[in-house]
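Peer 1: Just passing along the structure, written as structure tokens.
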Amino acid sequence: SKIIFRSKIFWLLGSSYMICGFTTAGIVKVHFIPFVNLVCGFSLNDSALAYGVIAIFDAVGLIIAGALPDRFSRPLLLGSVYFLRALTFLILFFITTEYWVLILFAIIFGILDFATVPLNAGLVADHLGLSSMGLTMGLLFAGHSIGGALGSFLGGSVYDYSASYDFVWITGLALALIAAFLAWAVPESSEFRD
């Protein structure tokens, strides 16, 4: 475990994954339905349906992200997922009363939501080895959970104070861009290709 904490790779992946938790489990998964219902004015049923679309496309994103690293650079892919996730926050400003925009966000965000899991696992295996993979992934998920808790709490606090989610989405966008650059800073493993 001492080796894990001394690894630059662990801190790059861990920091970006904490941000991942903030932007997904924290602000989107917790505040999406209230935003769609209270701010955009859609019914709870329409809001829940859009949330369900995110969940369906989570599976699509997992499968794609599981297949692509066999052909492309893992750090490039992981950083690109975070970068594209940052751009999805811009869509939230254009939902207003257009339900198709809401569904578009749900599809794109869903594809990018869990796509980080196989990419992080592959990078952990490449750089830190299979023997420490269980502990390392556990630590990364702990950081993800902390990020989620912070995003949930801070998102609610901002909304209570300002009666708007605008700053929450802008924060998500900015942090996801930071996560992208952290992921791109991870070097490609020399053992990447067979």
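Peer 1: Can you tell me which of (1) part of a loop (DSSP other than H, G, I, E, B); (2) in contact with a Ser or Thr (Cβ under 6 Å, 6 or more places away or on another chain); (3) not charged (D, E, K, R) is the one Ile33 doesn't meet?
Peer 2: Condition not satisfied by Ile33: (1).
Peer 1: Okay, moving on. Of the residues that make up segment 171-184, is at least one assigned to a helix (DSSP H, G or I), open to solvent by 70 Å² or more (accessible area, probe 1.4 Å) and within 27 Å of Leu49 (Cβ to Cβ)? I'd like the intermediate steps shown before the answer.
Peer 2: Of all residues in segment 171-184, those assigned to a helix (DSSP H, G or I) come to 171-184.
Those left that are additionally open to solvent by 70 Å² or more (accessible area, probe 1.4 Å): 178, 181, 184.
Of the ones still in play, those that are also within 27 Å of Leu49 (Cβ to Cβ) are none.
Within segment 171-184, none of the residues are assigned to a helix (DSSP H, G or I), open to solvent by 70 Å² or more (accessible area, probe 1.4 Å) and within 27 Å of Leu49 (Cβ to Cβ).
Peer 1: I'm checking my understanding of the structure. Among residues of segment 128-138 that are touching a helix residue (DSSP H, G or I) at 6+ places or on another chain (Cβ under 7 Å) and among the hydrophobic types (A, V, I, L, M, F, W, C), which one is most open to solvent (accessible area, probe 1.4 Å)? Write out each step before concluding.
Peer 2: If we filter segment 128-138 for residues that are touching a helix residue (DSSP H, G or I) at 6+ places or on another chain (Cβ under 7 Å), which is where we start, we get 128, 132-133, 135-137.
Those still in the list that are among the hydrophobic types (A, V, I, L, M, F, W, C) too: 128, 133, 135, 137.
Numbers: Leu128: 34, Met133: 50, Leu135: 87, Met137: 24 Å².
My answer is Leu135.
Peer 1: Just checking, which of Ser145, Ser131, Ser164 is of a type in the set (Ser, Thr, Tyr) and without any contact (Cβ under 8 Å) to a residue 12 or more places away in the chain?
Peer 2: Numbers: Ser145 fails: without any contact (Cβ under 8 Å) to a residue 12 or more places away in the chain; Ser164 fails: without any contact (Cβ under 8 Å) to a residue 12 or more places away in the chain.
Selected residue: Ser131, the only one of Ser145, Ser131, Ser164 that is of a type in the set (Ser, Thr, Tyr) and without any contact (Cβ under 8 Å) to a residue 12 or more places away in the chain.
Peer 1: In this structure, does Val81 turn out to be in contact with a helix residue (DSSP H, G or I) (Cβ under 9 Å, 6 or more places away or on another chain) and at pLDDT 95 or above? Full working, then the answer.
Peer 2: Values: in contact with a helix residue (DSSP H, G or I) (Cβ under 9 Å, 6 or more places away or on another chain): yes; at pLDDT 95 or above: yes.
Here the answer is yes, as Val81 does meet what is asked.
The values are calculated or read from the model by the stated rules, or taken from the named source; none is laboratory data. Bear in mind that the values here come from a model prediction, so they are computed numbers and not experimental data. With ideal geometry, Cβ positions are generated from the backbone for all residues, glycine too; neighbour counts draw on all protein chains shown. Note: areas computed on protein heavy atoms with side chains; ligands, DNA, RNA excluded. Shrake-Rupley method; radii C 1.70, N 1.55, O 1.52, S 1.80 Å.
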